[in-house]
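> Below you'll find the structure I mean.
The values are calculated or read from the model by the stated rules, or taken from the named source; none is laboratory data. In this text the structure is predicted, and so the values were computed from the model without any measurement. Note: ideal-geometry Cβ built from the backbone for every residue, glycine included; neighbour counts use all protein chains shown. Ligands, DNA and RNA are excluded from the accessible area calculation, which covers all protein heavy atoms including side chains. Shrake-Rupley method; radii C 1.70, N 1.55, O 1.52, S 1.80 Å.
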Amino acid sequence: MSGNAPLLADFAVGALQTIPLQSDEALLPEGLDISFKLVPSIIVIGMMLLFIVAGFMFKAANTDDMWVAGRSIGNIENGMAIGANWMSAATYLGVAATVAVSGVYGLAFVVGWTTGYFVLLIFMAAQMRRFGKYTAPDFVGDRFNSDTARALAAITTFLIGFVYALGQARGMGLVGMYILGDWSAITGGVLTGYQTMMVIFMVITVAYLSLSGMLGATKNMVLQYVILISAFLLGLLVTGWTAGYSTLLPQLEYGMMIDSLASEFSEPFSEGSYYLWIATCFSLVFGTCGLPHVLVRFYTVENERVARWSCTWGLFFIALLYLSAPAFAAFGTALYGDQIGAVYGDPGMTGAAGDVLVVLATQLAGLPEWFVGFVAAGGIAAAVATTAGLFIAASSAISHDIYANIINEDATQRQQVLVGRLSIILIGALTIIFALDPSAPIAALVSFAFSLAAIVLFPMFFLGLWWENTNRPGALAGMISGLIIWLIPMFNEGHFGPAWNIDVLTTWMPAIGSALIGTPIVFAITIVVSLVTTEPPLETKQMVRQCHSPDPMPSDKTAADIVAEKNGNANAPADD
């Protein structure tokens, strides 16, 4: 197998090959100094210990703390948590890598991931908070009066968390090697350096999450945001200054060096078709609006006003990094071309090198080892923060939505918290196993989860909040169809077994942008089935209306509670 990972755009149309890091050490990031570094190691170890301490101090005492942080998070604090929860390894490392390797095509990630928050702010943040509840599957189950729909949403949430977390684990392993070196000897050679480092950081992450729950994770996310944004912005500023590419505004000044870079960096769609750009961007925009670990952030605040403001703050905190990532890509591309070799062509920059370009650029700029270590620590903080949100959402889907609402309706809070912690350990173990041999670059791995969220969950959230006649049969038909539609390109490109390699699917429905076709189909199926079947109960329609009511709601009340009080009863969602 060639040592060059194909471009992400090629991957998106079915050409990316598996990168077997465990079988070929030559595929480790070229040019990256993989060795133990004392000061960076102290920084990273201290950072991880800080996360564990914070998790212990704010450990979950009940289900409110475990799943929604006691609904006690303020707007700026929640905005920073949204930023940390959102800015994963795919953002901190993957966006710069994708822009560097895929040029203008990579901007689809910047545009898609940012635009999604405008849709959330306008159409979903306040309404979701007014509905109340604990989790995204909670919304689906209660809105559509269906335990089957709840279970499908819970399974989808778990699958999203698993696929999304693979990219985070990959980032932890690659960046961890730069800081701590190759520790494969401690496994007797059973695991490589990448695998050993990935397992170490994932085990630490799972340990603090299983202890702390959402409350401790949120407090940690604030710390993680401060670390990652400081590391990224300072790294960009100092790298550009030291290399002579920029002064005080690298986000603007990098444009002056575009002409000196290869045409693959700046020529529109040279590394991916216009259709692929649109498809990818569409999947990322609406996938953002369907991600359970993002939507649950709106349940952790007191009311809908705080939900709106926390979304606004979150967008601001996120934009600080997204406006900077293309500049880091330009600097990294130039430094790589000057000191290592050609970025494009054969041989060119490998996917492993692209995935650590932010760290590699600071190293190639000749910056002090401790400073490069600080930038690397930001990447680990980003990966850990997002993994926290993913695992909390996935574990709540199992513990709260499946165990407590379907399997054991009489489950005590202690039992729910215990099952939640065991679920975190389970998804952590699965992630570690599959991340031993990641099948794609970080940004691509994450994008699969966005396509799934956009196809299966976003239509349920949007129609559930904005069309009161969406009913149980419509939701079930839409979700089942959505899961099948998402799986087709995944199998076609060989991500769940031998590739089918059906050309028409590869061209028009790439896994990375499958929502462009899948989401409208699911909307249509859900609407048509809802129109030809019985309307939902009046109480369900009243819950939807309550989500849009101008009247303030108590923080401890849900839309269902208000409707029950107005009707003088305590109607519960009907089972299938």
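> Would you mind computing, in nm to one decimal, how far apart the modelled labels at Phe491 and Thr187 are, each placed 7 Å from Cα along Cα→Cβ?
That separation, rounded to one decimal, is 3.1 nm.
> Is segment 170-250 best put as rounded, prolate or oblate by its Cα gyration tensor, with a ≥ b ≥ c the root eigenvalues, rounded for a/c under 1.5, and otherwise prolate when a/b is larger than b/c, oblate when not?
On the way: a/c = 4.77, a/b = 1.32, b/c = 3.62.
Here segment 170-250 falls in the oblate category.
> Sort Leu430, Leu261, Leu228 by heavy-atom solvent-accessible area, probe 1.4 angstrom, most to least.
Values: Leu430 55, Leu261 25, Leu228 0 Å².
Listed by decreasing accessible area, they come as Leu430, Leu261, Leu228.
> Given a 1.4 Å probe and every protein chain left where it sits, what share in percent of the accessible area of segment 275-362 is carbon and sulfur?
Whole-percent figure for carbon plus sulfur exposure: 64.
> Can you give me the Rg/Rh ratio for segment 395-548, using Cα atoms for both radii and the Kirkwood formula for Rh?
Values: Rg = 18.5 Å, Rh = 17.8 Å.
Expressed as Rg/Rh, it is 1.04.
> Which lysines does Lys133 reach when only Cα atoms under 25 Å apart count, and residues fewer than 8 places away in its own chain are ignored?
Excluding near neighbours in sequence, the set is Lys59, Lys219, Lys541, Lys557, Lys566.
> Please compute the per residue accessible area over segment 437-525 with all protein chains in place, 1.4 Å probe, rounded to a whole number of Å². It would help to have the intermediate numbers written out before the result.
Values: 2690 Å² over 89 residues.
Here the residues of segment 437-525 average 30 Å² of exposed surface.
> Give me the percent relative contact order of segment 473-550, please, defined on Cα pairs under 8 angstrom at least 6 residues apart.
Averaging sequence separation for qualifying contacts and normalising by length gives 38 percent for segment 473-550.
> Sticking with this structure for a sec: Starting from the Cα of Asp437, step 7 Å along the direction of its Cβ; do the same at Leu252; then give the gap between the two resulting points in nm.
Placing both labels 7 Å along Cα→Cβ, they lie 5.0 nm apart.
> First select every other residue whose beta carbon is under 15 angstrom from the beta carbon of Leu121; then total the charges, Lys and Arg +1, Asp and Glu -1.
Summing Lys/Arg as +1 and Asp/Glu as -1 gives +4.
> Computed over the Cα atoms, what is the radius of gyration of segment 275-397 divided by 2.2 N^0.38 Å, N being its residue count? Provide the component values of the computation, followed by the final result.
Working: Rg = 18.3 Å, N = 123, 2.2 N^0.38 = 13.7 Å.
Here the answer is 1.34, to two decimals.
> Percent of accessible area on segment 82-184 owned by carbon and sulfur, 1.4 Å probe? Display every interim value, and only then the final one.
Numbers: 1160 of 1510 Å².
Answer for segment 82-184 is 77 percent, counting heavy atoms of protein chains only.
> Counting heavy atoms of the protein chains only and a 1.4 Å probe, report the per residue accessible area for segment 265-394 as a whole number of Å². Mind showing how you got there, number by number?
Working: 3430 Å² over 130 residues.
It amounts to 26 Å² per residue over segment 265-394.
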